[in-house]
Amino acid sequence: MAFEHAVPPEKAARVEPVAKNEYKMRVLAAEDNPVFQSMLRSMLTKWGYEAIIARDGAEALEALQAEGAPRLAILDWMMPGMDGVEVCRRVRAADREPYQYILLLTARTESQDLVDGMDAGADDYLTKPFNAHELRVRLRAGRRILDLQEELLRAREALREQATHDALTGILNRGAVLETLHIEADRAGRERQPLSVLIADFDHFKLVNDTHGHLAGDAVLREGARRMKSVIRSYDALGRYGGEEFLAVLPGSGRSSARSQAERLREAVAAQPFDAGGAPIPVTCSVGIASRPALSGADVDALIREADLALYKAKKRGRNRVEMCGSRQPPRPVPQEAAQDLCPA
């Protein structure tokens, strides 16, 4: 439906250009009449927006559902095939993020019509005939709402980061890495895929704190986490398990693959001394491995216990080494001095 009562193109051409401090945003304008398509494009461009024109409702819906879709949309109520109200309804049903602000243009003035439009998901409406400057300020109001929502999303992401990541090292915290392990265990059970875990512990770390101070110890933990993160695969998970212990979750890795990855992790830590306030500090780590050809969520605790026992074996055998728990069955809780019997070489 064309803008029968809209501001004429010759008046639209006289609208003020965008101020220098207004940033460009993409705006979808859905209109089937070529004359008014040109008018909307001209107005939006002069106001500093990037105009995306859709010729009917189906084309508008496709544009709003595409990757990198416009955040602002002007939809004419009456369009061929699919009207603006139906487009609103489908956009809201998709529940996409980030939010898309929709302005509905309509010649209808009945209260119930306007209520129907807003109920369908429109954020605002403008009745025809409309003034170009009124359209501009309503778009500006929509942009302010989108800016506020963007700030809220950033704040939410920051809170999520704080809740799931270790404040010192920046990698996953204990709760998040254990949650990841349970998720991967369930997936491994469903798909009958192997799963391995590594527990790495810095050797003689207390000596680092006692000799160089806790600030130096913190620097070693940060750099050690960075080195370990740099050598694991993109789909592996690494988290701070506690103190100077780190837990790595290796989906799809059997015993041989897990040992290779554990060696890379160990070598990354020991490759060169750590710089803590200008003083080079040589640091090594020991790594314990536990692996299963298939796993269920109920076996997670047993898998961690096996990796912990393998780590203890690595410590007992001289540190700066990788050991694997050889037990095929979940080990029973036992004194640590018996760990080497459960995890033979």
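Taken over segment 103-118, the residue count meeting the criterion of being closer than 19 Å to Glu59 by Cβ and either touching a Leu at 6+ places or on another chain (Cβ under 6 Å) or among the acidic types (Asp, Glu) (or both) is 2. Modelled with pLDDT under 90, assigned to a loop (DSSP other than H, G, I, E, B) and either in the same structural domain as Leu247 (by TED's automatic domain parsing) or of a type in the set (Lys, Arg) (or both): is that true of Arg156 in this structure? When the stated conditions are applied, Arg156 does not pass them.
Can you tell me which residue among Ala60, Ala94, Ala66 is within 23 Å of Ile145 (Cβ to Cβ), at pLDDT 85 or above and touching a strand residue (DSSP E or B) at 6+ places or on another chain (Cβ under 7 Å)? That would be Ala60, the only listed residue that is within 23 Å of Ile145 (Cβ to Cβ), at pLDDT 85 or above and touching a strand residue (DSSP E or B) at 6+ places or on another chain (Cβ under 7 Å). For beta carbons closer than 6 Å, sequence separation of 6+ or different chains, a first residue in segment 204-223 that is more than 20 Å from Asn320 (Cβ to Cβ) and in the same structural domain as Lys315 (by TED's automatic domain parsing) and a second that is crowded, with 18+ Cβ neighbours inside 10 Å and β-branched (Val, Ile, Thr), the qualifying pairs are Arg222/Thr169.
Of the candidates Glu10, Glu22, Glu16, the single residue that is farther than 27 Å from Arg89 by Cβ, in a helix (DSSP H, G or I) and modelled with pLDDT under 50 is Glu10. Scanning segment 191-216 for residues that are out of contact with any Lys or Arg (no Cβ under 6 Å at 6 or more places or on another chain), closer than 21 Å to Ala248 by Cα and outside any strand (DSSP E or B) gives Glu191, Arg192, Gln193, Pro194, His204, Phe205. Scanning segment 226-281 for residues that are in a strand (DSSP E or B), out of contact with any Asp or Glu (no Cβ under 7 Å at 6 or more places or on another chain), more than 22 Å from Leu178 (Cβ to Cβ) and of a type outside the set (Gly, Ala, Ser) gives Asp275, Pro280, Ile281.
Counting residues in segment 27-39 that are in contact with a helix residue (DSSP H, G or I) (Cβ under 9 Å, 6 or more places away or on another chain), more than 25 Å from Ala94 (Cβ to Cβ) and in contact (Cβ under 8 Å) with a residue 40 or more places away in the chain gives zero. When segment 115-139 is filtered for residues that are in contact (Cβ under 8 Å) with a residue 60 or more places away in the chain and not polar (S, T, N, Q), the ones remaining, listed by number, are Lys128, Pro129, Phe130, Ala132, His133, Leu135, Arg136, Leu139.
Are any residues in segment 153-169 surrounded by fewer than 15 Cβ atoms within 10 Å (Cβ to Cβ) and over 15 Å from the mean Cα position of the chain (by Cα), and if so, which ones? Listed by number, the residues that qualify are Ala167, Leu168. Please work out which residue is surrounded by the fewest Cβ atoms within 10 Å (Cβ to Cβ), limiting yourself to segment 258-301 and to residues that are under 29 Å from Arg192 (Cα atoms) and among the charged types (D, E, K, R). Step by step, filter segment 258-301, then rank; the result is Asp301.
The values are calculated or read from the model by the stated rules, or taken from the named source; none is laboratory data. Everything numeric in this text was worked out from a predicted model, so none of it was measured. Note: ideal-geometry Cβ built from the backbone for every residue, glycine included; neighbour counts use all protein chains shown.
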